[in-house]
Amino acid sequence: MRHWATTSNHLPSAWAWLGAALGLLLALAFFAPAAWLASAVGQASGQRVLLADARGTLWNGSAQLLLTGGQGSQDARALPERVHWKMHPLLRPTWLGLHVQLNATCCTPVPLKLQLRQHLGGTQIMLADQASVWPAALLAGLGTPWNTVQAEGALALSSQGLSVEWNEGRLAIAGNAQLQANQIASRLSTLRPMGSYRISLAGGTPSTLQLDTLEGSLQLSGQGSWVGSRLRFTGTASAAPEREAALSNLLNIIGRRNGAQSIITLG
């Protein structure tokens, strides 16, 4: 009887310690600093996407978005406005996911909404239908060849039913997306602008990429598709006859010269 009483007296203390520990864990999760997300994004992107000067919490914060050429790169370009985010866990059908809302005053008239889901063997990202506009100058932060081209202009991005899934090293894309590069210029040419272009992504098996010229003296075209997780793309670049001299330097940089054309290959 005496032993039972001694054990019972210790139970309230044990429950109190357990409750305190759980409360501390919840507080750490709820008030986790935004710097934790910045560190995770940097590692996942190979230091190509950085969230500098992160403020707030993991779940509700903001940062300066930078694109870089990766670890050790001296190239970096920042978005002119801070990026704000809100996140909360997805509880159905599985808790292994997040709902994310991104907003940048300069570029997203309506916040971008996406879902991230983790499953056995892979990850899926689903993007709600959206339209946004980004400065082409941001690409210079990615290093070669963008730091040489130094593109200027506006990149209008839109998507419909777009989802991207990595599963055991393979990439699967569903839905469609379109990137329209408007009034593009480069420091490699005195011709300003050189033209406007459209890149169309169509999900499926295989997923395909199409490059077309909308207007301008620099003519770009090409097609590509994904094999596994790698994009294989072949395209050509050429200049209108009266603009060959003004665009010669650029054609030498963006591909392999073949007479009046430049051959562009990826993958």
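The values are calculated or read from the model by the stated rules, or taken from the named source; none is laboratory data. These figures come from a predicted structure and were not determined experimentally. Glycine gets a Cβ as well: all are built from the backbone with ideal geometry, and neighbour counts include every protein chain shown. Note: accessible area is taken over every heavy atom of the protein model, side chains too, but ligands, DNA and RNA are not part of it. Shrake-Rupley method; radii C 1.70, N 1.55, O 1.52, S 1.80 Å.
If the segment from Cys106 to Thr144 were pulled out straight at 0.36 nm per residue, it would be longer than the present Cα-Cα gap by 11.1 nm.
May I ask you to compute the full-extension gain from Ala174 to Gln47, defined as 0.36 nm times their residue separation minus their alpha-carbon distance, rounded to one decimal in nm? Before the final figure, lay out each step's value.
On the way: separation 127, 0.36 × 127 = 45.72 nm, distance 2.70 nm.
Here the answer is 43.0 nm.
On average, how much accessible surface per residue is there in the chain, in Å², for a 1.4 Å probe, leaving out ligands, DNA and RNA?
Computed with neighbouring chains in place, this is 59 Å² per residue.
Charges only on Cβ, +1 for Lys and Arg, -1 for Asp and Glu: so what's the dipole of the chain about the Cα centre, in debye to the nearest 20? Don't skip to the answer; put the middle values down first.
On the way: 18 positive and 11 negative charges, 98 e Å.
So the magnitude is around 480 debye.
Membrane-span-like helices of the chain, defined as complete DSSP H segments with a Cα extent of 20 Å or more along the helix axis and a mean Kyte hydropathy of at least 0.0, are identified as 2-30. Taking the charge dipole of the chain about its Cα centre, with +1 at Lys and Arg Cβ atoms and -1 at Asp and Glu Cβ atoms, the residue from Asn60, Ile254, His119 reaching farthest to the positive side is His119.
Length gain on complete extension for the stretch Ser73 to Ala260, per 0.36 nm per residue less the alpha carbon to alpha carbon distance? Before the final figure, lay out each step's value.
Values: separation 187, 0.36 × 187 = 67.32 nm, distance 3.35 nm.
Here the answer is 64.0 nm.
Computed in the context of the full set of protein chains, the accessible area of the chain at 1.4 Å probe radius has 60% of its extent on carbon or sulfur.
Computed FRET efficiency, Cβ-Cβ of Ala240 and Gln183, R0 22 Å: what is it to the nearest 0.05? Can you show the working numbers first?
Details: r = 16 Å, r/R0 = 0.74.
After rounding, the FRET efficiency stands at 0.85.
Taken along the Cα-to-beta-carbon direction at a fixed 7 Å, the label points for Asn252 and Glu165 span 4.8 nm.
Note on segment 174-257: Cα-Cα pairs beyond 23 Å make up 28% of the total pair count. Electrostatic bookkeeping for Gln261 treats Lys and Arg as +1 and Asp and Glu as -1; over the other residues with beta carbon under 15 Å from its beta carbon, the sum is +2.
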